[in-house]
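Okay, structure first, notes after.
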Amino acid sequence: MALILASTSAIRRQLLDAAGVEYEATKPDVDEDVVKARLTGAEGIASELAAAKATSVPGDWVIGSDSVISVEGRLFDKPRDREEAAQHLRFFSGKTMLLTSAVALARNGRVHWRHCDTARLGVRPLSDHFITDYLDAEWPHVGYTVGVFRLEGRGVQLFDTIDGDYFTILGMPLVPLLSALRDRGLLPS
């Protein structure tokens, strides 16, 4: 049986590659704004976006995943440009970021399994000088991330505390997904 990852995310592909999962990657066909407009709350949005991505691609088994950032109850999308990225970082400074990642597994357009997890990241106070230097080094790569960081890169410098699963923070709760794939015979047990 073929496994498909409905995602253009490089980090999600890297996670599956490193775990030894064989799959094909394709772009999901989802209007995220439509999904977000009918839901509230980070967990609901992340879970529904993951499911929508998984069901948007035809295939025997399809993985969909999504992440949502909230800070003080405000939800954040990927920044539109470098200036908006700097605005996001200034808003995050000294606050707790909640990063919610969800993953869904669908078969022939129907969700068979989903999982959602939230990590708490304490953003340290960030100076304007740090934000400028950080974006000089990390732009445009962090422009493709919802929290304006890559934990596996310089983004780790944004935080003074991290409480949560590493893979959830990277954008896909990998360990529960691997278990779900084994349960369905898609990975050896």
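The values are calculated or read from the model by the stated rules, or taken from the named source; none is laboratory data. Just so it is clear, the model here is predicted, and its values are computed rather than measured. Note that each Cβ is placed from the backbone with ideal geometry, even for glycine, and that neighbours are counted across all protein chains shown. Remember, those area values only see protein heavy atoms, side chains included, never the ligands or the DNA or RNA. Shrake-Rupley method; radii C 1.70, N 1.55, O 1.52, S 1.80 Å.
What residue among Ala102, Ala19, Ala52 shows peak mean-square fluctuation when the chain is described by a Gaussian network model with Cα springs under 10 Å?
Among Ala102, Ala19, Ala52, the largest GNM mean-square fluctuation belongs to Ala19.
Name the most mobile residue of Arg150, Arg74, Arg13, meaning the one with the largest mean-square fluctuation, in a Gaussian network model of the chain with Cα contacts below 10 Å.
Arg74
How far, in nm, would the chain grow between Arg107 and Glu72 when pulled straight, counting 0.36 nm per residue and subtracting the alpha carbon separation? Working shown, then result.
On the way: separation 35, 0.36 × 35 = 12.60 nm, distance 3.63 nm.
Gain on extension, Arg107 to Glu72, equals 9.0 nm.
Report relative contact order for the chain in percent, whole number only (criteria: Cα-Cα under 8 Å, sequence separation at least 6).
21 percent
Give me the percent of accessible area attributable to carbon and sulfur for the chain, probe 1.4 angstrom. Can you show the working numbers first?
Working: 4260 of 9250 Å².
Carbon plus sulfur share of accessible area: 46 percent.
Which of the trypsin sites (Lys or Arg not before Pro) across the range 23-69 are loop residues per DSSP, with 15 or fewer other Cβ within 10 Å?
For trypsin sites (Lys or Arg not before Pro) across the range 23-69 that sit outside H, G, I, E and B with at most 15 neighbouring Cβ atoms in 10 Å, the list reads Arg38.
Give me a comma-separated list of calculated 3J(HN,Hα) values for the range 130-135, in order, Karplus coefficients 6.51, -1.76, 1.60 applied at θ = phi - 60°, integers in Hz, x for any Gly or Pro.
Karplus values, whole Hz, x for Gly and Pro: 4, 4, 4, 4, 4, 5.
If R₀ is 30 angstrom, what is the calculated FRET efficiency for the pair Asp165 and His129, using the beta carbon separation as r and rounding to 0.05?
0.40
Around Ile162, which amide H atoms from residues at least 5 apart in sequence, or from another chain, sit under 5 Å from its own amide H, with H modelled in the peptide plane?
Result for Ile162 returns Gly122.
Give a residue-ordered list of calculated ³J(HN,Hα) values for the range 34-39 (Karplus: 6.51 cos²θ - 1.76 cosθ + 1.60, θ = phi - 60°; whole Hz; x for Gly, Pro).
5, 5, 5, 5, 9, 10
Please report the base-10 log of the normalised intensity I(q)/I(0) for the range 147-189, using a Debye sum with one equal scatterer per alpha carbon and no solvent, at each q in 0.15 (1/Å).
-0.49
Let me know the charge dipole size of the chain about its Cα centre in debye, to the nearest 20, where only the beta-carbon of Lys, Arg (+1) and Asp, Glu (-1) is charged.
Result for the chain is approximately 340 debye, rounded to the nearest 20.
If R₀ is 22 angstrom, what is the calculated FRET efficiency for the pair Ser179 and Arg80, using the beta carbon separation as r and rounding to 0.05?
Values: r = 37 Å, r/R0 = 1.67.
Efficiency, from the Cβ-Cβ distance: 0.05.
Check which residues have an amide H placed less than 5 Å from Ala25's amide H, if you skip close sequence neighbours.
Amide H to amide H, under 5 Å and 5 or more residues apart or across chains, Ala25 pairs with Leu5.
Through the Karplus equation 6.51 cos²θ - 1.76 cosθ + 1.60, θ set to phi - 60°, convert the phi angles of the range 2-18 into ³J(HN,Hα) values in whole Hz; use x for Gly and Pro.
Those phi angles translate into 7, 10, 10, 9, 8, 6, 9, 6, 5, 5, 5, 5, 4, 4, 5, 4, 5 Hz.
Looking at the range 28-105 from every direction and averaging, what is the projected area of its Cα convex hull in nm²?
Details: hull surface 21.6 nm².
Computing the convex hull of the Cα atoms and averaging its projections yields 5.4 nm².
For the chain, which longest stretch is free of loop sites, where a loop site is one of the GluC sites (Glu not before Pro) that DSSP puts outside H, G, I, E and B and that has at most 16 other Cβ atoms within 10 Å?
Values: sites that count: Glu22, Glu72, Glu152.
In the chain, the maximal stretch lacking such sites is 73-151.
Rolling a 1.4 Å sphere over the protein heavy atoms, what is the accessible area per residue of the range 55-118, to the nearest Å²?
45 Å²
Would you grab the residues whose amide H sits under 5 Å from the one on Gly171? Only those 5+ places off in sequence or on another chain, please, with H modelled 1.01 Å from N.
Answer set, sorted by chain and number: none.
Rounded to the nearest Å, what's the spacing between the alpha carbon centres of the range 1-30 and the range 46-80? Just the number, please.
What the calculation gives is 14 Å, centre to centre.
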